[in-house]
Amino acid sequence: MSDHGNLWRNIWNDAPALPASEQKPLLDPNREGEKVLHYLETLRPHQLLEQMVCTAFRASADTLNQTNYGGLKQMTTKMEQLYLTMASVLKPVQANRLSAGSEIFEDLRRLCGILEHVEKLLTVAASLHRKFLQAPRLSEAIFSDYYNFYLPRMRTGSVEDKVQMEFDKKQQVRIHERRVISNMFTLPTANQSWRKVLSMGNLLNGHEPILREIIFSMRDRVSGNHYAAHTPMVYQREIETYRMYICGTSNDLRVALSVVSCD
C-alpha cells in the first residue's frame, strides 16, 4: 500500500474532502432503473426464454439441495453430478445458442429426465432419513440397496421406461434398532379398533403405523398440444403431468398436488 503510484493511495488523495451526503452519488437509481426497463423492452423472446430456462433449472436444483437427507453418500454424489450436468448442458443456452440446432433441445430433454430421477431418489432418501434418525445405519443400508436397484433405470435417461420391478430387498435389524422400528407402530385406540373399515392395513402384529406416505403419479402423451413440435418423435413421448403427495396419520391428512404441462 505504501508503494509509489499505488491505486488505493491515488484514489484516497484524489477523493474530495466532503461528507458522503454532499458528494455526487456513485449510482443513479433512476438511470439504472431506466436501463433495466429499456433492456426488458428490447429483449427478444428467445433471449428471455434462455434466461428463464437456466434460472428454472438452477432454482429447481437448489430447492432439491435444501432437502435434509442425512449423510447418504450416494445422494450427495448424485446431487453433485446433477450440478455438473446442468453446467455442461446450460452453457450453450447461456451463450444464446438455442437456435443453433436440435441438439440443445435433446440435451434439455435429457436433463429434465435426470432431474426427475434425482427428485425421486431424493424423496426416498429424505423419507428414510426422517424415519430412521435413531438408526442411521439402517437408513443407509436400505437406501444403498434401493439406489443400486434404481441406478440401472436411471442411467437410461428415459422417463418412458415401462419395466415394473418390485423392490423387496430385506435388511437384518440389529438389537438396538428394533425399538426404532417398533416405535413406528402404535396400538390402535378404542375408536380405531371398530373402524377397521377405514384402516389402510395393520402392518405389524396388529399395530398401525404412525405415519403413511403415498405418492400417486400419472403420465400423458404429448399430443394435441398447440405448442408441441409437430414431429412423430415428440408425439410418442410421455411426460409426468400429475403427481400427488399424501401424508396421513390417524388424526390428519395432508395432500399436495403438482401439475405440469409441456407448453
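The values are calculated or read from the model by the stated rules, or taken from the named source; none is laboratory data. Note that the structure is predicted; figures quoted are calculated from it, not measured. Cβ placement follows ideal geometry from the backbone for every residue including glycine, while neighbour counts extend to all protein chains displayed.
What's the total number of residues in segment 33-88 that are outside any helix (DSSP H, G or I) and under 21 Å from His129 (Cα atoms)? I'd like the intermediate steps shown before the answer.
Here is the first cut: in segment 33-88, the ones outside any helix (DSSP H, G or I) are 43-44, 66-72.
If we keep only those that are under 21 Å from His129 (Cα atoms) as well, we get 66-72.
Counting residues in segment 33-88 that are outside any helix (DSSP H, G or I) and under 21 Å from His129 (Cα atoms) gives 7.
For segment 15-30, does any single residue satisfy the condition of being surrounded by 11 or more Cβ atoms within 10 Å (Cβ to Cβ) and either among the basic types (Lys, Arg) or in contact (Cβ under 8 Å) with a residue 12 or more places away in the chain (or both)?
no
Being out of contact with any helix residue (DSSP H, G or I) (no Cβ under 7 Å at 6 or more places or on another chain), at pLDDT below 90, of a type outside the set (Asp, Glu) and surrounded by 10 or more Cβ atoms within 10 Å (Cβ to Cβ): is that true of Arg9 here? Reasoning before the result, please.
Details: out of contact with any helix residue (DSSP H, G or I) (no Cβ under 7 Å at 6 or more places or on another chain): yes; at pLDDT below 90: yes; of a type outside the set (Asp, Glu): yes; surrounded by 10 or more Cβ atoms within 10 Å (Cβ to Cβ): yes.
Judged against the criteria, Arg9 is a match.
Can you give me the number of residues within segment 39-59 that are of a type in the set (A, V, I, L, M, F, W, C) and without any contact (Cβ under 8 Å) to a residue 12 or more places away in the chain?
First pass over segment 39-59, keeping only residues of a type in the set (A, V, I, L, M, F, W, C): 40, 43, 48-49, 52-54, 56-57, 59.
Keeping just the survivors that are without any contact (Cβ under 8 Å) to a residue 12 or more places away in the chain gives 40, 43, 48, 52, 56, 59.
Qualifying residue count for the region: 6.
Pick from Glu41, Glu50: which is farther than 26 Å from Ile142 by Cβ and exposed (fewer than 10 other Cβ atoms within 10 Å of the Cβ)? Steps first, answer last, please.
Numbers: Glu50 fails: exposed (fewer than 10 other Cβ atoms within 10 Å of the Cβ).
Criteria check complete, one pass: Glu41.
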